[in-house]
Amino acid sequence: MVYGAQSGHIGGSMSSTEILAVLYGRIMRHDPKRPGWVERDRFIMSKGHCTPVQYATLAESGYFPVDELSTFRKKGTRLQGHSVLGKPEGVENSAGALGMGLSFGLGIRLGMRLSNIDAHVYVLMGDGEQDEGQVWEAAMAASHHRVDRLVAIIDRNGIQNDDFTAATMRTEPLDEKYRAFGWEVRAGIDGHNLEAVEEALAWARDVRGKPALVIFDTVKGKGVSFMENNPNFHGAAPSAEQFARAMEELA
Amino acid sequence: MTTTNLPAAATREALGPTLVRLQQNGANIVVVDADLGKSTSARTFRDAFPERFFTFGVAEQNMISAAGGLATLGHTVIASTFAVFAEHAFDQLRMSVAQPKLNVKVVASHGGVSTGEDGASAQSVEDYALFSSLVNFTVCVPADVVEAEAMVAAAVATPGPWYIRTGRPKIPVIYTDGPRFQVGKADMLREGTDVTIVACGLLVERSLRAAEALEASGISARVLNMGTIRPLDVAALEAAAKDTGAIVVAEEHLTHSGLGAMCAQAIAATTQPVPMEFVGVQSRYGESATWDEVLEIMGLTADGVEAAARKVVARKR
Ligand SMILES: Cc1ncc(C[n+]2csc(CCOP(=O)(O)OP(=O)(O)O)c2C)c(N)n1
Ligand SMILES: [Mg+2]
């Protein structure tokens, strides 16, 4: 997709692949045939630049034809560079400006609670995204309103746009900060181990009385040697040669 | 001026190198950044003056208020991010910069819809409106990289809040003989008698091409580069109305709230209002496609400007 479009955010997509696969495959209550079903669990992509993994997961889950992925970022497409609510069905929020997803997800959970809907909201954020103050406003408000069935997920790949996260803005210790804000937290989980991902997300799903957070340790660009842990593959597309090598490594 | 075979460069490339040069020549610049220094070229300044560069991470609101604080100590503060993310900190701009009239220059890259593939979320179609609504702000949009350098230098030399919007794509260089930028003054790039095209940003070169096409069919078009959106050069607009009797405004922004709307207000207040047409984004958000295709979809092309000019000329009595 990203190679075809010659643009797009590949690194943070590859670090979140297992997380989305487990959410849509094992954890979430959803039905691709009924994207408007009110009782469905919602997935909120707060790091809205990671549309490659979001669209691929939705297509593989049956929300729209896999063939359509090749239109990514191209003229006339429904698959814009950053998430757009309802385009295609299954995309639950508009994003691209970081820091807003947790608040949006919180609002959805508050609305569900008013309507006695017991569905879950899962919000995926980046570790660089934790720099945004709004994230902490949402964390505080979720705990204040004793919201549960709200599951925040941080893809801790250690890299943001310009550089490593530790060099840009020290946000750690994230687990202790969220605990101090009133959240149940599990951290240090291998985000590329399917069993570990499923175990942690199932735990978070069952937390009651508080919002829950899972922090996954991941590798940006996971699976392709020259992309792994390389800040240059945040938002850059691979060249023809790199694309060929990557496909070999992933095969 | 002809528009054939011009070299191309992105206006965003001007920021870092210009700031380095000014600092080497004795300016008192501090740069604040929100995790986009690679793309805005602000990193060039960090590499040269690391102690005068602060990153705030992905936290624009924090960055803007801190920029205001830094400015109270006499520093010339350059706040660098993308245009859409500058919008993210609107109240901070109002309270920490505009009202106290502090010396903060917001130089925002990736402005307009010509960010292309990234789609609607990354396309600023409302930044002229937002920044022009802030009292005390000077708002500028360069037509090419040469003018962008001149604007950054002028901003650093002039106390007070500024907003400069630069762009992502490589566009033709118009000012091959050097910049002619003067704050608050329109630059007449082409004289004409039948209609005036007022443009800013990448629409300037497109308007010059439109004027060449109009000339071929006997319509003489004046082209004004309105590099300063606020304060507007009202005298140049009045002269355009008087001399040519019709005006087209072309911009990479929503028509209902941008340069066109501001020019219309100025023209309406003159003794001799004239017909006007507006080329810009028509009450919608963008979409993904190449930057050139998005401009085409929005009608922000030389053809679009030419058609608007024909229309407004036909409306003249
Ligand atoms: C409000 C805002 N400011 C700046 C950006 C530009 N930007 C896009 S991605 C990114 C870095 C994100 O890093 P992280 O959250 O760690 O995401 P990941 O590593 O998972 O891709 C930045 C700064 C943005 N999208 N939103
Ligand atoms: Mg990251």
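The values are calculated or read from the model by the stated rules, or taken from the named source; none is laboratory data. Keep in mind the model is a prediction, meaning the values are calculated, not measured. For neighbour counting, all protein chains shown are included, and Cβ atoms are generated from backbone atoms with ideal geometry for every residue, glycine included. Areas reflect the complete protein model, heavy atoms only, side chains present, ligands, DNA and RNA absent. Shrake-Rupley method; radii C 1.70, N 1.55, O 1.52, S 1.80 Å.
Here are the numbers for the structure shown:
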read-out: Shielded by partner chains, the stretch A:125-162 residues - at least 30 Å² of accessible area, 1.4 Å probe, vs chain alone; value: A:D131, A:E132, A:N161, A:D162
read-out: The stretch A:80-159 - percent of accessible surface contributed by carbon and sulfur, probe 1.4 Å; value: 54
read-out: Given charges at beta-carbon only (K, R positive; D, E negative), |dipole| of the stretch A:127-251 in Debye; value: 480
read-out: Check: the stretch A:65-146 dipole with +1 on Lys, Arg Cβ and -1 on Asp, Glu Cβ, in debye; value: 300
read-out: Among beta bridges that DSSP assigns inside the stretch B:190-317, antiparallel share in %, nearest 5; value: 5
read-out: Space enclosed by the convex hull of the alpha-carbon atoms of the stretch B:217-281, per residue, Å³; value: 90
read-out: Part-to-part distance (alpha-carbon centres) for the stretch B:116-163 and the stretch B:210-252, which is given in Å; value: 21
read-out: Distance between the stretch B:20-42 and the stretch A:70-85 - C-alpha centres, whole angstrom; value: 34
read-out: Label-point separation in nm, A:E248 to A:R208, each point 7 Å along Cα→Cβ; value: 5.5
read-out: Prolate/oblate/rounded call for the protein assembly as shown, Cα gyration tensor, a/c under 1.5 rounded; value: prolate
read-out: Amide H contacts of A:I159 (H built 1.01 Å from N, under 5 Å, at least 5 apart or other chain); value: A:T165
read-out: 1.4 Å probe, heavy atoms, protein only - residues of the stretch B:120-141 losing at least 30 Å² accessible area vs chain alone; value: B:S121
read-out: Of all accessible heavy-atom area on the stretch B:123-189, the percent that carbon and sulfur account for (1.4 Å); value: 53
read-out: Proximal aspartates and glutamates to B:K101, defined as alpha-carbon separation beneath 16 angstrom and excluding residues fewer than eight positions away on the same chain; value: B:D91
read-out: Positive-end residue of B:F181, A:V151, B:H110, charge dipole of the protein assembly as shown with Cβ unit charges; value: B:F181
read-out: Those lysines that a straight Cα-Cα span of less than 24 Å connects to B:K38, excepting residues fewer than 8 apart in one chain; value: A:K47, A:K220, A:K222, B:K105, B:K170
read-out: Built amide H within the under 5 Å cut-off of B:V173, gap 5+; value: B:A8, B:A9
read-out: Helix B:203-216 vs. chain B, principal-axis angle (Cα, 0 to 90°, nearest 10); value: 20
read-out: Once the Cα gyration tensor of the stretch B:187-312 is diagonalised, semi-axes √(5λ) in Å; value: 22, 17, 12
read-out: Angle in degrees between helix B:302-315 and the longest Cα principal axis of chain B, rounded to the nearest 10; value: 50
read-out: Distance (nanometres) between label positions extended 7 Å along Cα→Cβ at B:T271 and A:N193; value: 8.4
read-out: C-alpha center-to-center spacing [the stretch A:136-212, the stretch A:98-128] in angstrom; value: 13
read-out: Among beta bridges that DSSP assigns inside the stretch B:8-172, antiparallel share in %, nearest 5; value: 10
read-out: Surface accessible to a 1.4 Å probe, per residue, for the residues of the protein assembly as shown, Å²; value: 38
read-out: Per-residue mean of C-beta atoms belonging to partner chains within 10 Å, peptide A:75-83; value: 6
read-out: Total accessible area lost when B and A pair, probe 1.4 Å, Å² to nearest 100; value: 2000
read-out: Two-decimal log10 I(q)/I(0) for chain B, as the Debye equation yields it once each C-alpha is a single scatterer, q = 0.14 Å⁻¹; value: -1.00
read-out: Residues of type lysines that A:K33 reaches as a straight line, Cα spacing below 22 Å, ignoring anything fewer than 8 places off in the same chain; value: A:K87
read-out: Cβ-placed point charges (K, R +1; D, E -1), dipole of the stretch B:187-312 about Cα centre in debye, nearest 20; value: 360
read-out: Probe 1.4 Å - accessible area at A:I44, Å² to nearest ten; value: 0
read-out: Nearest-10 value in Å² for the accessible area of B:R230, using the 1.4 Å probe; value: 90
read-out: Normalised contact order of the stretch A:49-174, rounded percent, pairs of Cα under 8 Å and 6 or more residues apart; value: 18
read-out: DSSP bridge orientation in the protein assembly as shown - percent antiparallel, rounded to nearest 5; value: 15
read-out: Complex-versus-alone comparison for the stretch B:33-55, residues with a loss of 50 Å² or more in accessible area, probe 1.4 Å; value: B:D35, B:K38
